[in-house]
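Inspection log for the structure reproduced underneath, given as structure tokens.
Derivation of every value follows stated rules applied to the coordinates shown; laboratory data play no part. Source: prediction; values computed, not measured. Ideal geometry is used to build each Cβ from the backbone, glycine not excepted, and the neighbour counts take in all protein chains shown.
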Amino acid sequence: MTAVAATADNPLVEGLERLPVHPTTLVIFGATGDLAHRKLLPALYNLAHEGALPERFNLIGVSRSEHAHEDFRAMAQQAIKQFSRREPDEAVLDKLLEEVRYIPGTFDDPSVYETLNQTLDQFDAAAGQRMNRCFYLSTAPAFFPVIVGQLGERKLCAHEGADVRVVIEKPFGTTLAEAEQLNREVLSVLDEHQVFRIDHYLGKETVQNMMAFRFANGLFEPVWNRNYIDRIEITAAEDIGIGTRAGYYDSAGALRDLIQNHMLQLLCHVAMEPPVNFTADEVRNEKVKVLQAIHAPTPDQIDQIAVRAQYAEGESGGEHVVGYLQEEGVPADSNTETYAALRLEVDNWRWAGVPFYLRTGKRLARKVTEIAVTLKPVPHLAFKQEGSLGVRPNQLILTMQPNEGVSLSLGAKIPGTRMRIRPVYMEFLYGTSFLSQSPEAYERLIMDAMRGDATLFTRNDEVEAQWRICDPIVQAWEATPGPLPQYASGSQGPEEASTLMLAGHEWRTI
């Protein structure tokens, strides 16, 4: 496929760097799966629509189901038409998929990789040059080491005159030991700079904008420390249940599913020191320092800093819904948590004594992902409180979903003859401020992987540092029999979560 090249006269997707990308062949393992259909293929179309793909770009799908090239092309077209954030342009769509190839077979079958090698060589010959190769592992985690091992055995990771990169989806292990073993297996074949461990939260505009707010504005950085900040809450709430994902979810749970990866990454962005520059290694060095400053809990600390629970039946979205244990495919005696909350401390000069509260759950009151930074209260309340809502601490709220934006609460006088105070909000939303739709996270991350920019991807020591924090909790919970505390569907979560809060603190209303 030949895409429109990026030039000064032809800008790329808003927010993406205008750096040229070397001609690339992208290989998606698990190309007929849900992630590929809902996210990866639509992201590729949107990049093609904006002229952001390299001038020469080829796509190969690899999966276990038997399909001809034409069948896979039709499936990809349907997925793009259904899930793209914009109405597809038939000319762009046809151009993107005109040379698409599909290779059926199991991921441990050597013949699959022989066919893949031949196809890659054919694309190189047609281009008259060696094209970069980007292998995207959109498969079950059990296949990660299998695919990487086969790529290494077939010499597909060494391509003289061009770069080879491998993108690995989450979860990267389910315990610390598994993560360490997977890192050993992957790095026995690849160099670290070739490995892109993807966390789609890091592709969200608000997450990236967090660094811009902190390091591009003199207003925030002077107060971004223990002297002025009282607490930080990170919330990832969903109003839906597990749906048809019982097979995966009951073996994972809320802690593994969101806190170990997404939410600890958000914590790192809030708490990291300013990097020397915004290169991949410097940014990730600072994030690792944050994770190293969070001490893994001892067994006798876990009950004081961690809470888990399951959703029970209740009202959600105006409908009566069943509890987790009544969901199809869930064992009646399951001890898997659908709600998890932690209180962590970053034990360094900037943050000592500031609690970081993390919570995530299914079937809560509404869907929201946000970071709330609460400043310390003013030292002296000179205002009378009668008839007012009172002087409340300022809060900076960074919202990732459903509506990306930032708001700041301030105390202001209510109009009238008396001095009455209430909170007001200064707010900006991406949609209204920039009058354009933000790129999907996968668009940014796919482009960065093809460029070789690993800033928004996790490094091997980063993954292991995240697991060192969560692994003791995982092990303790698995060793503790149930039943788990319950919370009604559509509620704020379990009452037990309030026990994590220090004196004078309470959870924000979801």
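Things worth noting here:
- Whole-Å distance, taken between Cα centres, linking segment 72-128 and segment 159-237: 29
- Volume in Å³ per residue [convex hull over Cα atoms, computed for segment 294-347]: 119
- Protection proxy ranking of 249-258, 336-345, by the mean of other Cβ atoms within 10 Å over each peptide's residues and highest first, is 336-345, 249-258.
- For segment 26-141: rounded, prolate or oblate by the Cα gyration tensor [a/c cutoff 1.5]: oblate
- For the Cα trace of segment 218-261, dividing Rg by the Kirkwood Rh returns an Rg/Rh value of 1.25.
- Site pair Glu98 and Lys376 shows an inter-label distance of 6.5 nm when each label is modelled 7 Å from Cα along Cα→Cβ.
- Applying 0.36 nm per residue to the separation of Ala162 and Asn403 and subtracting their alpha-carbon distance, the gain on full extension is 82.8 nm.
- You can think of it this way: the chain between Leu410 and Ala126 has 96.1 nm of extra reach, that is 0.36 nm per residue less the Cα-Cα gap.
- The simple Förster model, with R0 at 45 Å and r as the Cβ-Cβ distance, assigns Ala91 and Glu328 a FRET efficiency of 0.55.
- In a fully extended conformation the segment linking Asn348 and Phe215 would gain 46.0 nm over its present Cα-Cα distance, using 0.36 nm per residue.
- Amide H partners (placed H, <5 Å) of Thr458, local residues excluded: Arg197, Asp199
- Formal net charge of residues neighbouring Phe143 (Cβ-Cβ distance under 13 Å; K, R +1; D, E -1): -3
- Taking the Kirkwood radius as Rh and the Cα radius of gyration as Rg, segment 278-432 has a ratio of Rg/Rh equal to 1.05.
- In this structure, the residue pairs whose Cα-Cα separation is over 32 Å, taken from Lys95/Lys362; Lys39/Lys287; Lys81/Lys287; Lys170/Lys289, are Lys95/Lys362; Lys81/Lys287.
- Residue-count net charge about Glu496 - beta-carbon cut-off 12 Å; Lys, Arg +1, Asp, Glu -1: -1
- D (Stokes-Einstein, µm²/s), Kirkwood Cα radius, segment 116-261, 1.567 mPa s at 4 °C: 69
- Each residue of segment 487-502 was assigned a 3J(HN,Hα) from its phi angle through the Karplus expression (A = 6.51, B = -1.76, C = 1.60, θ = phi - 60°), giving 9, 5, 4, x, 9, 7, x, x, 4, 4, 5, 5, 5, 6, 6, 6 Hz with x at Gly and Pro.
- Lysines whose Cα lies under 19 Å from that of Lys413, excluding same-chain neighbours fewer than 8 positions away: Lys384
- Computed from Cα atoms alone, the Kirkwood hydrodynamic radius reported for segment 396-501 is 19.6 Å.
- Three-way shape call for segment 179-278 based on the alpha-carbon gyration tensor, with the a/c threshold at 1.5: oblate
- Cα pair count fraction exceeding 18 Å, expressed as % - segment 243-331: 64
- Its Cα centre serving as origin, the chain has a Cβ charge dipole (Lys and Arg +1, Asp and Glu -1) of approximately 1820 debye.
- Within the chain, helix-based [θ] at 222 nm, where runs of 4 or more DSSP H residues each add -39,500 (n - 2.57), nearest 500: -9000 deg cm²/dmol
- Simple point charges give the picture: +1 on the Cβ of Lys and Arg, -1 on the Cβ of Asp and Glu, and for segment 185-227 a dipole about the Cα centre of about 300 debye.
- Prolate/oblate/rounded label for the chain (Cα gyration tensor, a/c 1.5): prolate
- Summing Lys and Arg as +1 and Asp and Glu as -1 over all other residues whose Cβ lies under 12 Å from the Cβ of Ala237 gives a net charge of +2.
- Short-range pairs are left out: with C-alpha atoms under 8 Å and at least six residues apart, the relative contact order of the chain is 17 percent.
- For the chain, share of DSSP beta bridges that run antiparallel, in % to the nearest 5: 55
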